[in-house]
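See below for the structure under consideration.
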Amino acid sequence: MTSVPALALAPVLIDTGTGASTRTLDAQLLDRAARPDYHQWLAGTAAAGGCVRPVRLRGTIRDINPATGEILRTLDTDTLPDRAIYTPCGDRRGSVCPACAETYRRDTYQLIRAGLTGGKGIPETVASHPCVFATFTAPSFGPVHTRHLQPGGRAARCRPRRKATVCLHGRRLSCGQRHRETDSCLGRPLCSDCYDYQAAVVWNAHAPELWRRTTIAIRRHLAKTARAHGIGRLQLSYAKVAEFQARGLVHFHAIFRLDATSPAGQLAPPALSADALDAAIRAVAASLWFATVAHPARSRGWDIRWGRQLDTRTIRLPAEASGQLPNVAVASYLAKYATKSTEAVGTISSRITAANVSYYGNPASHQGRLIRAAWHLGSHKHPDFAALRRWAHMLGYRGHFATKSRRYSTTLRALRAVRADYRRRHNPATANGEPGDQAAITITSLEWAGRGWRTTGDALLALSAAARARDHERVARDEAQAA
């Protein structure tokens, strides 16, 4: 299959019809650097923030004084070197755009940490609330090669069997190897013909619905426990991140926080402890299930439930004793996986079409069989299955990779608005310059002009300048901390 890095870098070079894509890199670099407006162009690329495939916009931007209606500044993209402005693509996937993914990861970290320690509009008292970190996995659809560590840190044997059984297809269902982390066989079934690929992609497709029902069931379970102890109304808040396992199935890492509402409307610690929250999570995960609608491939539908492997740990405060997960480490752990997608299991980031499904749905590979199964089941007209073709490149999964409940913490939109406001206030061109004046109102009239840098030379110059700017910022930050 085509490697992910090659696909991720493909949008960098765009043929504009001028023959720029056929020239050598040296000629492109010299052509751009020799232009009289080179420094103006380089300053304009800083707005992309090192984005690999920025969005090009054309039109006008006007800053207006809200008190007088005076136009303070007008920017027309026709006066710019490339007749366009560059903005980041904003893609969260690290395999597509590392720079934008890093911004997304930092925002997700702040969002998750605010729900654990407070800040960003969340009271600091939430740090004393019971919190549990849980990992929900998918059930087994057939034995696969795996790697787990023994207590001493040594890798255990994959699937040792004294009396190795043989499946109906004549393959041994055992493996005595000690796999390394880089072994390509990890996550691959011992017998591809025995593995239930259809059930796997159906589970991926219905995992968001299973998660929704799980949060509802946990709330109901906690409500019964609270009533039994004479406790008032409780609130369950959560933040969840999805991650693809090597076998091509999603599992969820989630933080659950238990809150109570005080008479003043503030979040207060409930009378129930983290043990009660942990018990509710385990009880629901072990018993909850539902069946999908019927499909020609399975007239009774598929049963959707969680796997037997459920890991729950209590999140501790920074000043508490060891033996529990620190809240900062949990926030970093979840934010790291928020920028990953199916590239971890070797699939692509773009959608599968009828023209390329025969290539990417190669039955000789594990990922190809999952894609082929999703494409085959997606021929059904029911919406639950018709969406499988649209999300075949995600192996059927169609949910968000990072979600949270409304009351857990702030939002990504709020964080981005604060960042945009900071940049606007620190840009002297957007202010009137008079003390006490109100902030200018920006009116934009922009339209799509394209995606990506115009040439490979432009991409190299812009990304190099962004890397140098990040290095200077890091050095300045380190010197400030040392002082």
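All of the numbers you see were taken from the coordinates with simple rules; none came from a lab. Since the structure is predicted, the reported quantities are computational estimates derived from the model, not experimental observations. Cβ coordinates were reconstructed from backbone atoms using ideal geometry, including for glycine residues, and neighbour counts include every protein chain displayed.
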Whole angstrom only: what separates the Cα centroid of region 33-82 from the Cα centroid of region 379-428? 28
Taking a virtual spin label 7 Å from the Cα of Thr87 along the C-beta vector, which residues in region 49-77 bring their backbone nitrogen under 18 Å of it? 49-64, 74-77
A student asked for the Cα radius of gyration and Dmax of region 146-245 in angstrom ought to give 20.8, 60
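Taking a 27 Å limit on the Cα-Cα distance, which of the listed pairs Lys336/Lys404; Lys120/Lys336; Lys340/Lys381; Lys120/Lys404; Lys224/Lys404 fall beyond it?
Working: Lys336/Lys404 16 Å; Lys120/Lys336 20 Å; Lys340/Lys381 31 Å; Lys120/Lys404 15 Å; Lys224/Lys404 23 Å.
The answer is Lys340/Lys381.
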Compute the distance in nm between two label points, each set 7 Å from the Cα along the Cα-to-Cβ direction, one at Thr125 and one at Leu460. 6.0
Please return the longest stretch of the chain lacking exposed loop sites, where GluC sites (Glu not before Pro) count only if DSSP places them in a loop and at most 14 other Cβ atoms lie within 10 Å. 321-483
Mind checking which of Leu222, Leu168, Trp211 is farthest towards the positive end of region 164-226's charge dipole, using Cβ charges of +1 (Lys, Arg) and -1 (Asp, Glu) about the Cα centre? Leu222
With Rg and Dmax of the Cα atoms in Å defined as stated, name the option among (1) 24.5, 80; (2) 25.4, 85; (3) 26.5, 87 computed from the structure displayed. (3)
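Beyond 29 Å, what share of the Cα-Cα pairs of region 70-226 is found? Please give it as a whole percent.
Numbers: 6831 of 12246 pairs.
In whole percent, the share of Cα-Cα pairs in region 70-226 beyond 29 Å is 56.
Could you give the longest part of the chain that holds none of the trypsin sites (Lys or Arg not before Pro) found in DSSP loops with at most 11 neighbouring Cβ atoms within 10 Å?
Values: sites that count: Arg154, Arg162, Lys163, Arg180, Arg233, Arg300, Arg308, Lys381, Arg406.
Excluding the exposed sites themselves, the longest stretch runs over 1-153.
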About the Cα centre of the chain, what is the dipole size in debye to 20, counting +1 per Lys and Arg Cβ and -1 per Asp and Glu Cβ, all else neutral? 2340
On the principal axes of its Cα set, how long, how wide and how thick is region 27-153? Give whole Å, largest value first. 65, 50, 29
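Counting pairs of alpha carbon atoms under 8 Å apart in space and at least six apart in sequence, what relative contact order in percent does the chain give?
On the way: 844 pairs, mean separation 125.5, N = 483.
Once divided by the residue count of the chain, the mean separation gives 26 percent.
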Can you give the extra length, in nm with one decimal, that the chain gains between Arg162 and Arg419 once fully stretched, where that is 0.36 nm per residue apart less the Cα-Cα distance? 86.5 nm
